[in-house]
Structure formats: structure tokens, C-alpha cells
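For reference, the structure discussed in these notes is given below.
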């Protein structure tokens, strides 16, 4: 694999945790291996590995964009990852408040619901 892949895998593990990445890797087949390589190199080896902004800020941006675009399936994963990025529940709420104003209350409402459910699963009182 490439240096970017290796950097991406390192970052991916630091942000998402070994258990999540190991599960994703175990489920990878010949069919979706190119996709896994793409996200490891692109998202994790390029974007998330860049230190221009902090991982906390990147986490908040990611959650905002997921909610604003209605890509709710990945919100719980990124809420769990926020424990590793330094984004607090208050930070996450602020991100979703921005979503409410700039992208719509229903999207923010659903994102907040998912965040509350995920924090509850994690034993975090919000």
C-alpha cells in the first residue's frame, strides 16, 4: 500500500478506534476493497491527517456536514469518534445548532436525536 494509505490507516484508527476499523476491515471483500482504499487514502490519509485544523474542529465540521446533507447513518460513528477528537457534547450541539439555522431544523433535530441516543449508549449524560 501507499504512504498515504498507511497514514490514513493510522489516522483512521486514532479517530475511530481499532475495534471499528478492525470490523470494517474484516467485512471488506474484493468488491468493496477499492472503496475502502479510497476512503482510507482520501478521507483519512489526506483530509483527517492534515493538521491545518484540529481534529476537534474537523469532527464538528464532519458532524455538521453529515447532518446538513441528511447523511444520518454515519452520525453515530462520528459521535463515538468525538471521544477521540476532543469534540465535547457541547461542541457537537453547537455544530447542530448551526445546521438548524443554515440547513434546516428537521435535519438538526434528527441529528440531535441520534447524538442523544449514541451518548446514552456510551454512558455519557447529556
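The values are calculated or read from the model by the stated rules, or taken from the named source; none is laboratory data. Note that the structure is a prediction, hence the values are computed from the model and not measured. Cβ atoms come from the backbone with ideal geometry, glycine included; neighbour counts cover every protein chain shown.
What do you reckon, is residue 102 buried (at least 18 other Cβ atoms within 10 Å of the Cβ) and either over 16 Å from the mean Cα position of the chain (by Cα) or farther than 18 Å from residue 12 by Cβ (or both)? It is false that residue 102 is buried (at least 18 other Cβ atoms within 10 Å of the Cβ) and either over 16 Å from the mean Cα position of the chain (by Cα) or farther than 18 Å from residue 12 by Cβ (or both).
Residue 107 fulfils the conditions (1) assigned to a loop (DSSP other than H, G, I, E, B); (2) more than 15 Å from the chain's Cα centre (by Cα); (3) surrounded by 14 or more Cβ atoms within 10 Å (Cβ to Cβ) except for a single criterion, (1).
The set of residues from region 12-37 being under 16 Å from residue 80 (Cβ atoms) and outside any loop (DSSP other than H, G, I, E, B) comprises 12, 13, 14, 15, 16, 18, 19, 20, 21, 22, 23, 24. The residues listed here are 40, 62; of these, the one that is at pLDDT 95 or above, assigned to a helix (DSSP H, G or I), under 14 Å from the mean Cα position of the chain (by Cα) and assigned by TED's automatic domain parsing to the domain that holds residue 4 is 40. Filtering 81, 68 for residues that are surrounded by 15 or more Cβ atoms within 10 Å (Cβ to Cβ) and over 24 Å from residue 101 (Cα atoms) leaves a single hit, 81. Taking region 81-92 as the range and being out of contact with any helix residue (DSSP H, G or I) (no Cβ under 7 Å at 6 or more places or on another chain) and part of a helix (DSSP H, G or I) as the test, the residues that pass are 83, 90.
A search for C-beta distances below 7 Å between a residue of region 34-48 that is free of Cβ contacts under 8 Å to residues at least 12 places away in the same chain and any residue that is buried (at least 17 other Cβ atoms within 10 Å of the Cβ) and assigned to a helix (DSSP H, G or I), counting only pairs 6+ apart in sequence or on different chains, returns nothing. Listed by first and then second residue, the pairs with beta-carbon distance under 6 Å, at least 6 apart or on different chains, first residue in region 49-63 and closer than 8 Å to residue 85 by Cα, second part of a loop (DSSP other than H, G, I, E, B), are 56/86; 56/87; 59/87.
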